[in-house]
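No value in this document is a laboratory result; all are computed from the given coordinates. All of these numbers come straight from a predicted model, not from anything done at the bench. Neighbour counts run over all protein chains shown; Cβ positions are idealised from the backbone, glycine included.
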Amino acid sequence: MRKLLVIPAIIVGLLVIIFLLAGTPFFLGFVREKIETAVEQSTGMSLVIGSLKGNLLYAAQLEDVDVASTIQIERLKVTYNPFRLLAKQVDITSVQISGLHVDFDRFEVLLKNLPKKTEEPRSETRIFDITIREFSISNSGVAGTVGNTPRSVSMATRGSLTPDQFVLDSLWLWTDKSRVVINGSIPLSEQNDLALKYDMAVAAEDLGIPGLSGEIRGQGSVGGKVSAIELQSFSQLAIRYLESDLNGVVELGWLVPDFRHLQVDARVKARTKSLRKEMYQKDSMDLIVRLENTNLDCDIRSNLGNLRMRGTLKDDVTRPNFRGTFEGYFDYADFEPSFMGRIHYRNDSLQLSDFALVSRRVAVDLSLLLNTRTKEISNAKVNLSCSDLSVWNTFISAPGNINGKLWCTLNISGSLDNPQAVAKLRISDAEIYSEHIAGVDLDLSLRGSVVALDSGLIQSERGELVLAGSYDFRKQDFTTSLYSDGIVFKAPEVFGKASLPLGGNVGLDLRAQGNVQVPRVQGEIFINDFVYDTLAFGNHQLECQLDDDTLRFSLMTENEDLILRARMILGGVFPCTADLELRHYMLDRYVTPATGYVTAQIAAEGALAQLKDASGTVQIDTIKLLVEGQSLENVGAIIAVLKDRMIHLQSCELVVAGQNLYANGSMPLEFAS
């Protein structure tokens with residue numbers, strides 16, 4: 001009999017020893033280290049537990065928990081009944097979490113870097129039934145970046161867990177201006193249904209979009225099976241973005257994922273800044289969208305025009321199939337076009353066909369085939385014709401009217417990330433700023449980031465101009481060429497009259513290339529028969545060269561009796577040098593009715609920003625002038641030096657009407673007041 005009593009005594013003694021050991025610091029520290037090691041080995045995430053308290057037989061409390069510097073928990077307390085394990089039940093009395101903080105930005109990165117595991121077939125047989133009688137989270141929150149603005153959301157929840165479902169008594173998410181409340185139950189087996197309800201009032205400022213304000217209110221429910229979720233929602237919008245207001249309601253019902261069971265009824269009113277500059281009242285727009293039994297009706301009505309779309313939305317969210325038509329018109333100033341077209345989306349393919357925009361002066365037709373997954377443009381064509389270019393005066397502010405006719409064809413291929421385009425543009429019988437243009441022909445292309453004018457010809461009553469070039473938007477590299485045999489120079493008109501008494505003919509042969517920051521230019525400009533008022537300057541040739549930051553140019557007359565060479569550094573104070581050589585240069589055109597000529601050399605240097613400090617020399621070897629029978633000529637060279645803001649006349653001897661005149665000395669450029 002005593003032997004029979006010894007066995008229970010030993011068992012009780014062992015239980016007492018285990019009970020005492022389960023609460024010792026040594027044993028708790030051992031278990032804490034094992035938990036940290038197991039988590040890191042299985043997930044690759046570092047886990048640090050500040051302390052583990054309690055007795056592992058019935059309660060444990062973890063404090064200062066850190067998961068990969070992403071999730072922090074100030075306190076996690078779990079109480080449970082270990083004896084229920086004998087009945088294959090995990091009976092947890094309560095789980096209390098306090099001070100749960102999640103860095104959502106780091107959490108996203110953490111999930112991407114988790115090691116992938118091969119999926120093992122799931123067993124339908126449950127070894128243990130898990131029950132949590134009370135579950136709560138308090139004093140917690142999630143922080144992250146929305147847009148470019150850091151945001152934090154506070155969180156609190158209460159609930160419980162049974163073997164069949166998770167009961168959510170309440171889940172609160174809130175900020176200073178927003179709140180979301182969720183309650184209901186989530187099934188843990190396919191036999192039960194979802195039953196969640198939510199109520200929200202979200203401030204638009206919390207969405208992280210600059211300039212967006214207002215509020216979105218809504219209520220709804222989530223029901224049905226997990227494999228076929230049923231959504232019901234009702235939302236009210238009262239949003240302001242910059243100078244635009246958006247107000248309305250949106251009702252939605254959907255048995256996910258089939259579009260046959262999707263119903264939408266949306267009524268939204270928008271008020272935006274007026275497109276008409278002379279109007280101070282806002283433009284208004286009413287949007288009505290109805291979707292029922294796969295049939296979509298969408299109407300947009302505004303004071304600028306209407307848009308109506310009709311179509312069908314079939315299949316499901318994983319492979320949507322939409323086919324529809326649209327038509328409408330808009331009225332902006334003197335531009336009143338109507339438009340129509342067809343749209344089809346299926347299997348990542350978006351097709352726009354039979355699109356036409358027609359008005360009294362403008363006609364556009366367009367077709368497009370785009371793969372939305374690969375962004376590949378299989379086919380895109382645009383044809384534009386305009387019988388009267390004055391329609392553009394409606395959209396741009398210009399000092400004068402623009403008239404004429406325009407035709408344009410555009411073909412696009414490639415992809416949205418790397419588009420390829422070819423365009424031809426033709427303008428005829430145009431008048432731009434009182435200038436009559438007989439024709440403009442341009443061949444344009446776009447290859448990736450490079451837009452090119454492959455060839456261009458402008459014809460007017462003044463002459464023809466041939467041009468070409470290219471520009472790389474990414475590298476900012478460019479090429480340009482301009483050529484013309486001759487363009488008649490005409491001064492700009494003011495109030496229908498020439499503003500300056502100028503005339504002549506200009507020829508061009510210019511080439512430029514390089515980078516916007518470091519351009520290189522080289523070419524020639526021919527100025528023929530240049531006249532100012534009654535002065536005739538004859539024919540001149542200008543050669544220019546820009547390399548890096550240095551500009552060089554030379555100007556000479558047709559018979560080379562005037563040669564000017566100059567050099568300037570573009571930057572700083574703009575230092576420059578200039579040399580002028582006159583070779584038997586006739587003065588008749590300047591001193592009427594005199595005759596004569598001059599031979600001289602002039603050299604100067606200084607800075608454009610500091611002209612007062614310039615220096616130079618003037619040497620006149622020969623000057624002869626006959627005015628009304630009286631002669632003037634020099635004896636020896638006339639030499640003058642400019643230095644230190646003084647003109648130093650070193651030698652000057654003239655014979656005027658048989659009389660000798662001598663002069664020398666210095667004269668300041670600035671006189672005292």
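Some notes on this structure:
- The stretch 329-415: projected area of the alpha-carbon convex hull, averaged over directions, in nm²: 6.7 nm²
- Under a 5 Å amide H cut-off, with hydrogens placed 1.01 Å from N, THR294 pairs with LEU262 among residues at least 5 apart or on other chains.
- Max-minus-min Cα coordinates of the chain on each principal axis give 164, 66, 50 Å, with the largest extent listed first.
- Cα centroid of the stretch 609-644 to Cα centroid of the stretch 216-279, whole Å: 85 Å
- Ascending count of other beta-carbon atoms within 10 Å, so fewest first, for TRP174, TRP392: TRP174, TRP392
- Net length gained if the chain between VAL249 and VAL521 were fully extended (0.36 nm per residue, minus Cα distance): 91.8 nm
- Column: log10 I(q)/I(0), Debye, Cα scatterers of the stretch 573-673, q = 0.17, 0.19, 0.22 Å⁻¹: -0.90, -1.02, -1.14
- Karplus 3J(HN,Hα) series, Hz, for the stretch 443-449 with 6.51 cos²θ - 1.76 cosθ + 1.60 (x for Gly, Pro): 10, 10, 8, 10, 10, x, 9
- Proximal lysines relative to LYS273, as straight alpha-carbon distance under 21 Å, when same-chain residues fewer than 8 apart are discounted: LYS282
- Label point of ARG106 set 7 angstrom out along Cα-Cβ; within the stretch 43-82, amide nitrogens under 19 Å from it belong to 43-51, 63-76.
- Per-residue ellipticity at 222 nm computed for the chain from its helices equals -2500 deg cm²/dmol, with DSSP H segments shorter than 4 residues left out and the rest contributing -39,500 (n - 2.57).
- Flagged links, alpha-carbon separation over 27 Å, of LYS34/LYS88; LYS225/LYS269; LYS225/LYS375; LYS177/LYS269; LYS112/LYS314; LYS424/LYS475: LYS225/LYS269; LYS225/LYS375; LYS112/LYS314
- The largest-to-smallest principal axis extents of the Cα set in the stretch 614-673 are 39, 27, 17 Å.
- Packing-based ranking, highest mean first, of 438-445, 104-111 given that Cβ atoms within 10 Å are counted: 438-445, 104-111
- Couplings 3J(HN,Hα) of the stretch 250-255, computed from phi: 9, 10, 9, x, 7, 9 Hz, in residue order, whole Hz [Karplus 6.51 cos²θ - 1.76 cosθ + 1.60, θ = phi - 60°; x for Gly and Pro].
- Packing-based ranking, highest mean first, of 634-644, 315-325 given that Cβ atoms within 10 Å are counted: 634-644, 315-325
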